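K.L.:
Provided herewith is a single structure, encoded as C-alpha cells, for subsequent inquiry.
Bear in mind these aren't lab numbers, they're just calculated from the coordinates by the rules spelled out. Keep in mind the model is a prediction, meaning the values are calculated, not measured. Because the Cβ atoms are built from the backbone with ideal geometry, glycine has one as well, and the counts that use them run over all protein chains shown.
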Amino acid sequence: MAKVKDQSDAEYYVRAADETVFGPIGMETLVEWARDSRIDPTSAVSTDQKTWRPAPLIPELEMTWLVETDPGTFYGPFNRAVVDGLFEAGTLTREARLYELDTGKSSAERARMEAEIAAKTKAIADLEKRAGEQAETTKKTMGFMEAKLAELTAAIGEIGKTAEADHSLAKEEVFKSRERADAAESRAVQAEADRDALERKLAVAETEIADLRSQLEAVTKFSSVQSQVSVSDAIQPEVIMAEPPSRGAPHFPGVGSSSGLAALEAAARRELAAAKKHGISLGGIFGGKK
C-alpha cells in the first residue's frame, strides 16, 4: 500500500499488520480501500492514532463476508466486492462457500444477496462451459489446419521436385540448342567461304574464256586474210600437221586448261609469224603494223 495524504479529507488512519500507518483519509476513501482489498481483516482503523479498532468492526466498510475454501477453513471477513473479484479472477472456485456475518439485515435482503451469488455462480459455470466448448472447437480446428498444412507441404514438395526436373531438362535442351546453333553457324561460315571461293574461280574462268574468245577471233581474222592474199610459188607456206579429229562430238579444251590455251597460243603465234613474213599486218590482241 502507498501512503496517502489528503489534508482536505483527513479523518481516519489505517494501520497494517506490519504496523505501517496510512492516512489521514476520508471515509469515502476508506470504503474504497475496503472494496479494493487494500484493507484486510488484520488492518485497524483510528481517528487519533491512539485508539485502534479492527477494520471489520467499522460498519461503513461492510466487511461481513467469510469464505470457506475447504471444510472448516475460513478466510475473511471481506467486503463483498473483494469476494466477487476473487470469483471473477478464478482465485475462488465454485466449490467455495460464502457466509455472511450476522449484521441484523432482513431475511429478504439476505435472500436477495444469496440469489445474486447463485446467479453469479451460474454465470461463471456457463462461462467455463462455453470456454470448454470453444477450446474443443479450437482444438479440432487446429487439428484440421495442421493436417491441411501437412498436405500442402507434401504437395509443395512434389511440385518442387517436378519443377527441378523440368528445370534440369530445360537446361539440357538449351545446351543442345546452343550446340546446334553453333554448328549451324559454323556451316554457314564455311558455306560463305566456299561461295566466295567459287565466285573467285568463276571470275578467273570468265576472264580466261574472254581471252580465248579474243584469241580465236584474231586467228579467224588472220586465216580469212591469208586465204585472200596471193603468194608466189617461191614462198612456201608453213604447213601445220595435225591428226584428224575422231568421229563423234567435237572436243574443246576445258575452261582454264593450260594445255588448250598453250596450243591455241602456239598456233596463233605461228600464223602471226607467217603473216609478218609475207608483209601482212594483224590488229587486235596481236598488234603489229606493216
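K.L.:
How far is it, in nm, from the label point at L264 to the one at T153 when both lie 7 Å from their Cα along the line to the Cβ?
P.N.:
9.2 nm
K.L.:
I need the phi-derived Karplus couplings for the stretch 149-157: 6.51 cos²θ - 1.76 cosθ + 1.60, θ = phi - 60°, integer Hz, Gly and Pro marked x.
P.N.:
Using θ = phi - 60°, the values come out as 5, 5, 5, 5, 4, 5, 4, 4, x Hz.
K.L.:
Could you go through the stretch 65-79 in sequence order and give the Karplus-derived ³J(HN,Hα) for each residue, using 6.51 cos²θ - 1.76 cosθ + 1.60 with θ = phi - 60°, rounded to whole Hz, and x for Gly and Pro?
P.N.:
10, 9, 10, 9, 7, 10, x, x, 10, 10, 10, x, x, 10, 6
K.L.:
Using the beta-carbon distance between A163 and K50 and R0 = 51 Å, what value does 1/(1 + (r/R0)^6) give for FRET efficiency, to the nearest 0.05?
P.N.:
Calculated transfer efficiency: 0.05.
K.L.:
Using the per-residue mean of other Cβ atoms lying within 10 Å as a proxy for protection, in what order, highest first, do the peptides 262-271, 199-208 fall?
P.N.:
So the peptides 262-271, 199-208, ranked by packing, come out 262-271, 199-208.
K.L.:
Filter the GluC sites (Glu not before Pro) in the stretch 7-50 to those in DSSP coil with at most 10 other Cβ atoms within 10 Å of their Cβ, and list the result.
P.N.:
E19
K.L.:
Place the peptides 83-92, 66-75 in order of packing, highest mean first, counting for every residue the other Cβ atoms within 10 Å and averaging per peptide.
P.N.:
Ranked by mean Cβ neighbours within 10 Å, highest first: 83-92, 66-75.
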